[in-house]
Amino acid sequence: MHRPTALGGALAALATAAAGVLVAAAVSTTPAAAATGGTGTGYLHTSGNKIIDSTGATVRLTGINWFGMETDNKTFHGLWSSNPWRGQLDTMARLGYNTLRIPYSNDALKPGATATGINDFVNPDLVGLSPLQILDKVVDYAGSKGMRVILDRHRPTSAGQSPLWYTSTVSEATWIADWKTLAQRYANNPTVIGADLHNEPHAEGTNPAATGACWGCGDTARDWRLAAERAGNAILGVQPNWLIFVEGVSCPSGGLSNVWDNDPSNDEECGWWGGNLSKAGQFPVRLNVANRLVYSPHEYATSVYHQAWFDDPTYPANMPAIWDKYWGYLYKQNIAPIMMGEFGTTLQDPKDKVWLQNLMAYTGTGVSGMSFTYWSWNPNSGDTGGIANDDWTTINQAKQDILQPYLIPPTGGGTTSPAPTTPVPTTPAPSGGCTATYKQVNAWQGGFQGELTVKNSGTAAVNPWSATWTWPSGVTLASGWNATVTQAGTTVTAAAPTWASSLAPGASVTIGFTANGTAAAPGAVKLNGTAC
């Protein structure tokens, strides 16, 4: 996540976050269908400062970070909550987040890695799966909703972030090999669109004896721009369709300015960890495949670190010039697209609300605006909090209200527009116009998980659709997804969500649920009152 370095040579207090690296076994996963609508069709590439799809249509990624795979849990946080993992993705898509940035660490990808912190009652389908197998399921389900996925090498180990892309225990060769393995794993799945090579390269050591990540200094052991080229080209050699997301550094020299040495030549203006792309215009990242480079700065508010610019008497009018200097010029000069990989705030300081409002306005409105993935979905991000509240179900409306005008929902994701106050007329399915199939996904002592697929085999759309079924006495609903699922007596009703209210002829919907009691198939299934 986010850690600052100070502006104007002052040393900064360091804030922590979530992180990731990779190692992976070559396991195939079912390719998701090419995304459409809000995230385009097929694989993505770039044209000037725009991201475009396989048809040439402009795509704006308006996403969110869901962290945890980079931590000791080695999988997504919040799987311990009462909200099933699919329900969390349903909410993200419904709110308008069309892209998921997933931080990970090498530790999560090692053979034998174990995922922990999973509520096996709520998420029984994840029990016994490796971190990578859980990632596969999230990728597939996100893809089914039209979302895209960016993989973020956040930490080399679950212990913490690193200023350089390698450490004494995780070599550059391992970093690159792991990326190639992930690229091969998802090579035929256009849901996964690219690699955020290393999270928040930053300065370390004191100038002139710098030991951290520099930009354009020419030292192959420290020059992040050169390392990004080596990794990016290795990935593109395996998967030429991926976008390569390259973050900035904090101080271009790679060293913290020493304000006590009375030598102003050693002092330089520094930005957020990963947020300083001021040298990218002079020293651009050069990739072997054209139109694959996206620059991905990080930007934070006072809840992460109180930068000097927040105290400028002209604040917030001073901020656009700062953003221009560090990364915005790349977009404004049509050099490359910007995908702001992390930005966030608790909103506790009044300055932060102004900051977030102005930052979003700076990115521009509509499909041609700069792309972004907000930090974070997780409420347990210590210095920003999340879009989700502590129950991992309800949302922080104050933050969502600021972001909402800039979100472009994925196909099937819908919006947060309120439901109509007047009833919507129901079009019943023609007689005999539906079929139902059931699959028991899992079972455990005292409960089970299932999926009921209902198909409209009639000749007219059903809008809004509603499926009902019966269960034996003693079987009770625990949770449901892909519909609003409720129970009255022995009858269960799955009502269409607002974002997918119509069921076209020949179309089907799969309603997932967990239930308490002895496993039993749904009986007397009906679609809008017509027996299937």
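The values are calculated or read from the model by the stated rules, or taken from the named source; none is laboratory data. Because the structure is predicted, anything quoted here is derived from the model rather than measured. When we count neighbours, we look across all protein chains shown, and the Cβ atoms used for this are built from the backbone with ideal geometry, even at glycine. Accessible surface is based on the protein model in full, side chains and every heavy atom, while ligands, DNA and RNA are left aside. Shrake-Rupley method; radii C 1.70, N 1.55, O 1.52, S 1.80 Å.
I'd like to compare 396-405, 371-380, 358-367: which one has the highest average count of other Cβ atoms within 10 Å, and what's the full order after that?
Ranking, from highest mean packing down: 371-380, 358-367, 396-405.
Would you work out the charge dipole size for segment 86-188 about its Cα centre, treating the Cβ of every Lys and Arg as +1 and the Cβ of every Asp and Glu as -1, and quote it to the nearest 20 debye?
260 debye
Using the charge dipole of segment 291-403 (Lys, Arg: +1 at Cβ; Asp, Glu: -1 at Cβ; taken about the Cα centre), state which of 385, 355, 340 has its Cα farthest towards the positive end.
340
Given Cα pairs under 8 Å that are at least 6 residues apart, what percent is the relative contact order of the chain?
17 percent.
Could I have the simple spin-label model distance between residue 476 and residue 184, label points 7 Å from Cα toward Cβ, reported in nm to one decimal?
5.0 nm
Mind checking the log10 I(q)/I(0) for segment 325-389 at q = 0.17, 0.18, 0.19 Å⁻¹? Debye, one equal scatterer per Cα, no solvent, two decimals.
-0.67, -0.74, -0.81
Which of 513, 248, 234 sits closest to the plus end of the dipole of the chain, meaning its Cα is farthest towards the positive end, when Lys and Arg get +1 and Asp and Glu get -1 on the C-beta?
513
Could you report the chain's accessible area per residue, 1.4 Å probe, as an integer in Å²?
That works out to 35 Å² per residue.
Tell me the Kirkwood hydrodynamic radius of segment 132-206 in angstroms, computed as one over the mean inverse distance between distinct C-alpha pairs.
13.7 Å
Would you compute, from DSSP H runs of 4+ residues alone, the mean residue ellipticity of the chain at 222 nm, taking -39500 (n - 2.57) per run and dividing by the full residue count, rounded to the nearest 500?
Taking each H run of at least 4 residues, the total per residue is -5000 deg cm²/dmol.
With a 1.4 Å probe and all protein chains left in place, how much of the accessible area of the chain comes from carbon and sulfur atoms, in whole percent?
Answer for the chain: carbon and sulfur cover 53 percent of the accessible area.
Treat every Asp and Glu Cβ in segment 156-244 as -1 and every Lys and Arg Cβ as +1, leave all other atoms uncharged, and give the resulting dipole magnitude about the Cα centre to the nearest 20 debye.
220 debye
What fraction of the DSSP beta bridges in the chain is antiparallel, stated in percent and rounded to the nearest 5?
Roughly 60 percent of the beta bridges in the chain run antiparallel, per DSSP.
If you take the square roots of the eigenvalues of the alpha-carbon gyration tensor of segment 38-118 and sort them as a ≥ b ≥ c, do you get rounded (a/c under 1.5), prolate (a/b over b/c) or oblate?
Note, shape of segment 38-118 comes out oblate.
Using just the Cα positions, wrap segment 90-224 in a convex hull and report its mean projected area in square nanometres, one decimal place.
Averaging across all directions leaves 10.2 nm² for the Cα convex hull.
If you find the alpha carbon centre of segment 47-115 and of segment 159-228, how far apart are they in angstrom?
Result: 20 Å between the Cα centres.
For segment 184-257, I need the span (max minus min coordinate) of the C-alpha atoms along each principal axis, in Å, sorted largest to smallest.
If we take the Cα atoms of segment 184-257, the spans are 46, 18, 15 Å.
Would you mind working out the magnitude of the charge dipole of the chain relative to its Cα centre, with +1 at each Lys and Arg C-beta and -1 at each Asp and Glu C-beta, to the nearest 20 Debye?
1700 debye
Largest first and to the nearest Å, give the Cα extent of segment 194-323 along each principal axis.
Extents along the principal axes: 48, 34, 25 Å.
Rank 186, 457, 486 by how far each Cα sits towards the positive end of the charge dipole of the chain (+1 on Lys, Arg Cβ; -1 on Asp, Glu Cβ) and give me just the farthest.
457
Can you name the helices of the chain, as whole DSSP H runs, whose Cα span along the helix axis is 15 Å or more and whose Kyte-Doolittle mean is not below -0.5?
Flagged H segments are 131-144, 224-238.
In units of 2.2 N^0.38 Å, what is the alpha-carbon radius of gyration of segment 491-532?
1.33
Mind checking which lysines have their C-alpha under 27 Å from residue 137, skipping anything on the same chain fewer than 8 residues away?
By straight Cα distance, residue 137 reaches 74, 110, 145, 180, 439, 455.
Once you place label points 7 Å from the Cα toward the Cβ at residue 400 and residue 312, how far apart are they in nm?
Result: 3.3 nm between the two label points.
Could you please tell me the mean projected area of the C-alpha convex hull for segment 265-413, averaged over all directions and given in square nanometres to one decimal?
So the Cα hull casts an average projection of 11.2 nm².
What are the ³J(HN,Hα) values, in whole Hz, obtained from phi via the Karplus relation 6.51 cos²θ - 1.76 cosθ + 1.60 with θ = phi - 60°, for each residue of segment 373-385 in sequence order, with x given for Gly and Pro?
Karplus-based 3J(HN,Hα) across segment 373-385 equals 9, 6, 9, 8, 5, 5, x, 8, 7, x, 10, 10, x Hz.
Using packing as a proxy for protection, rank 190-197, 239-246, 470-477, 303-310 so that the peptide with the highest average count of other Cβ atoms within 10 Å comes first.
Top of the packing list down: 190-197, 239-246, 303-310, 470-477.
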